[in-house]
Protein chains: 2
Amino acid sequence: MAEMIRVDDLRDPRLRDYVDLRDVSLRKLLETERGLYIAEGEKVVRRAVTAGHRPRSFLLAPRWAETLSDVLESSDAPCFVLEEKSIEHVTGFHVHRGALAAMDRPEPRSPESVLEQARRVVVAEDLVDHTNIGALMRNVAALGFDAVLLSPRCADPLYRRSVKVAMGAVFSLPYARIEDWYAAPELLRDHGFTSYAMTLADDAVPLDEVRPEPGEKIALIVGSEGPGLTEHWQRAADHRVVIPMAAGIDSLNVAASTAVACWHFRP
Amino acid sequence: MAEMIRVDDLRDPRLRDYVDLRDVSLRKLLETERGLYIAEGEKVVRRAVTAGHRPRSFLLAPRWAETLSDVLESSDAPCFVLEEKSIEHVTGFHVHRGALAAMDRPEPRSPESVLEQARRVVVAEDLVDHTNIGALMRNVAALGFDAVLLSPRCADPLYRRSVKVAMGAVFSLPYARIEDWYAAPELLRDHGFTSYAMTLADDAVPLDEVRPEPGEKIALIVGSEGPGLTEHWQRAADHRVVIPMAAGIDSLNVAASTAVACWHFRP
């Protein structure tokens, strides 16, 4: 059972994991150094714990201590109880529903271990936006793909904003970062995957005409919103695929086009 | 040719259309009263003007006055030139790329006039979130549906945030608000549309099994993110459709599920 601790001094050093949550560069530094991430909102906190992640502490407004009592029951991490206004002071913004937890980051997985257990994966190149990463992972998980692989420059799926947008899908969907991005096409091939690069190139095959072989292991490669996939991937992929767009409209958002493609490639 | 006006006093009344852009309730009031909306960013400003909307004025950082010179050439609205820092002071936030325009709102269209010229429409119920409305309209336009119809409580597609997320699709995609929401099912039927309500109900038909008749006019009904479609629509729709989800994942985001469904219903 988590120990309930009322905190009076907002500069209490035990609250340091929660300070200045809006400062992205500060958080990047702190969260990597301390090996933690922040779960926000009752639902997300609950999912993080259910997924087997270990809470370091909770920071709750009084009414949430009751709603989350079963989660607190199952943990021996301290639970700091503060009025919502005071939580706002510590974190620097209005916290969604006054419920936070600082969680231990799970050990990163290797791309090999993720690929060995997957048949359909999405590979994301340089998605630097936390909202896009979160939305993409939510869509990929909902539409039954097995995992996500990320290029080195992709945003952190465990950053607070990503986690919130993903509705916790980042806890259940396996993912890994590919450090040697240049070798990624070979890595996928070695694991028996056929790669489909999503692009806007004129000579790409329209998605409706793409029919994968039965039993084929599928890697869907998606690029960043602005420039799209790099030349390297454009050349290296087994197939290049385009979602036909209406005249005058540039593109779908990357999370939406990934959803459409995942749907098309459903088993 | 727009007259270029350097402004020194940030309280200059000619800047009043741009004051406190972050204050949603203030903006709602002002923009309805004055019949204006705000276009933000070079691309969006350009698209608004290209779509035939009339600028009341521009507010640009010096470098954008050059990039947008062709747009300014075509207009006789005044162009206020301010340093980016000063624009931030007026609007209350960091303006995307220092380019804004206050535009006249186009006359609202009637749902009847929109339906008469459409064969495939999305009907949105109570999407109160500006990001969701913007993303939905971008997806619907990109995937070649003809129009969007909105329930009375839907967020404003011309609110700054919606316009930005929609990448200007709100200018090209016809839309209308249905004031008598209770009569909406009949309105669609009278115009020859078959309605498909997107729901998570257990007894709905999985999307992959839905095969509309050739030539059928299609109305895709989507509900708000939390509660989903109201009982009224659940009962009134011709068909109820579900996107099959992976175990343990609640739902796709409404803009993503609309994209998947639009793709499925492509001609």
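For the criterion of being open to solvent by less than 10 Å² (accessible area, probe 1.4 Å) and part of a helix (DSSP H, G or I), B:V260 passes.
Residue count for segment A:200-211 satisfying the condition of being among the hydrophobic types (A, V, I, L, M, F, W, C), open to solvent by 30 Å² or more (accessible area, probe 1.4 Å) and outside any loop (DSSP other than H, G, I, E, B): 1.
Taken together, the criteria exclude A:A176 from residues that are surrounded by 13 or more Cβ atoms within 10 Å (Cβ to Cβ), more than 24 Å from the chain's Cα centre (by Cα) and either without any contact (Cβ under 8 Å) to a residue 60 or more places away in the chain or away from chain B (no Cβ under 14 Å) (or both). Which of the residues spanning segment A:146-165 are at the interface with chain B (Cβ under 10 Å from one of its Cβ atoms) and either outside any loop (DSSP other than H, G, I, E, B) or open to solvent by less than 10 Å² (accessible area, probe 1.4 Å) (or both)? Once the filter is applied, which keeps residues that are at the interface with chain B (Cβ under 10 Å from one of its Cβ atoms) and either outside any loop (DSSP other than H, G, I, E, B) or open to solvent by less than 10 Å² (accessible area, probe 1.4 Å) (or both), segment A:146-165 yields only A:V165.
Filtered by the rule that a residue be without any contact (Cβ under 8 Å) to a residue 40 or more places away in the chain and in contact with a helix residue (DSSP H, G or I) (Cβ under 7 Å, 6 or more places away or on another chain), segment B:150-168 gives B:S151, B:P152, B:C154, B:A155, B:P157, B:R161, B:S162, B:V165, B:A166. Could you check segment A:97-115 and list, in sequence order, the residues that are touching a Leu at 6+ places or on another chain (Cβ under 9 Å) and either surrounded by fewer than 23 Cβ atoms within 10 Å (Cβ to Cβ) or outside any strand (DSSP E or B) (or both)? Of everything in segment A:97-115, those that are touching a Leu at 6+ places or on another chain (Cβ under 9 Å) and either surrounded by fewer than 23 Cβ atoms within 10 Å (Cβ to Cβ) or outside any strand (DSSP E or B) (or both) turn out to be A:G98, A:A102, A:D104, A:R105, A:P106, A:P111, A:E112, A:V114, A:L115. Give me the residue from segment B:257-267 that is in contact (Cβ under 8 Å) with a residue 60 or more places away in the chain and of a type in the set (A, V, I, L, M, F, W, C) and, out of that set, farthest from A:M167 (Cα to Cα). Within segment B:257-267, the match that is farthest from A:M167 (Cα to Cα) is B:F265. Counting only residues that are in contact (Cβ under 8 Å) with a residue 24 or more places away in the chain, outside any loop (DSSP other than H, G, I, E, B) and over 20 Å from B:R54 (Cβ atoms), how many does segment B:79-91 have? Going through segment B:79-91 one residue at a time, the tally reaches 6. B:D76 meets the conditions (1) open to solvent by 10 Å² or more (accessible area, probe 1.4 Å); (2) modelled with pLDDT of 90 or more; (3) not in a loop (DSSP other than H, G, I, E, B) in every case but one. The failed one is (3). The single condition from (1) surrounded by 14 or more Cβ atoms within 10 Å (Cβ to Cβ); (2) under 15 Å from A:S257 (Cβ atoms) that A:Q234 fails is (2).
Selection over segment B:252-263 of residues that are at the interface with chain A (Cβ under 7 Å from one of its Cβ atoms) and more than 17 Å from the chain's Cα centre (by Cα) gives a count of 3.
Of the candidates A:L29, A:L21, the single residue that is open to solvent by 30 Å² or more (accessible area, probe 1.4 Å), over 21 Å from A:S74 (Cβ atoms) and of a type outside the set (D, E) is A:L29. Inspect all residues belonging to segment B:176-194 and state whether any of them is under 20 Å from B:V260 (Cα atoms), touching a Gly at 6+ places or on another chain (Cβ under 7 Å) and of a type in the set (V, I, T). No, every residue in segment B:176-194 fails to be under 20 Å from B:V260 (Cα atoms), touching a Gly at 6+ places or on another chain (Cβ under 7 Å) and of a type in the set (V, I, T).
From the list B:P214, B:P244, the one residue that fits, being within 10 Å of chain A (Cβ to nearest Cβ), surrounded by fewer than 16 Cβ atoms within 10 Å (Cβ to Cβ) and more than 25 Å from the chain's Cα centre (by Cα), is B:P244. Exactly one residue out of A:F171, A:F193 is in contact (Cβ under 8 Å) with a residue 60 or more places away in the chain, among the aromatic types (F, W, Y) and within 14 Å of chain B (Cβ to nearest Cβ), and it is A:F171.
Checked against (1) in contact with a Lys or Arg (Cβ under 6 Å, 6 or more places away or on another chain); (2) under 18 Å from A:V254 (Cα atoms), A:L149 passes all but a single condition, namely (1). B:S86 - would you say it is crowded, with 21+ Cβ neighbours inside 10 Å and polar (S, T, N, Q)? For B:S86, the condition - crowded, with 21+ Cβ neighbours inside 10 Å and polar (S, T, N, Q) - is not met.
When segment A:134-145 is filtered for residues that are within 8 Å of another protein chain (Cβ to nearest Cβ) and either under 23 Å from A:V24 (Cβ atoms) or acidic (D, E) (or both), the ones remaining, listed by number, are A:A135, A:R138.
Condition check for A:K43 on (1) in a loop (DSSP other than H, G, I, E, B); (2) within 14 Å of chain B (Cβ to nearest Cβ); (3) open to solvent by 10 Å² or more (accessible area, probe 1.4 Å): one failure, at (1). Taking every residue in segment A:212-225 that is farther than 20 Å from A:S151 by Cβ and assigned to a loop (DSSP other than H, G, I, E, B) and pairing it with any residue that is modelled with pLDDT of 95 or more and basic (K, R), at least 6 positions away or on another chain, the pairs with Cβ-Cβ distances below 9 Å are A:G215/A:R119; A:E216/A:R119.
When B:H94 is tested against the conditions (1) part of a helix (DSSP H, G or I); (2) free of Cβ contacts under 8 Å to residues at least 12 places away in the same chain, the lone failure is (1).
The values are calculated or read from the model by the stated rules, or taken from the named source; none is laboratory data. Given the structure is predicted, the values throughout are model-derived calculations rather than measurements. So basically every Cβ, Gly included, is an ideal-geometry build from the backbone, and we count neighbours across all protein chains shown. Accessible surface is based on the protein model in full, side chains and every heavy atom, while ligands, DNA and RNA are left aside. Shrake-Rupley method; radii C 1.70, N 1.55, O 1.52, S 1.80 Å.
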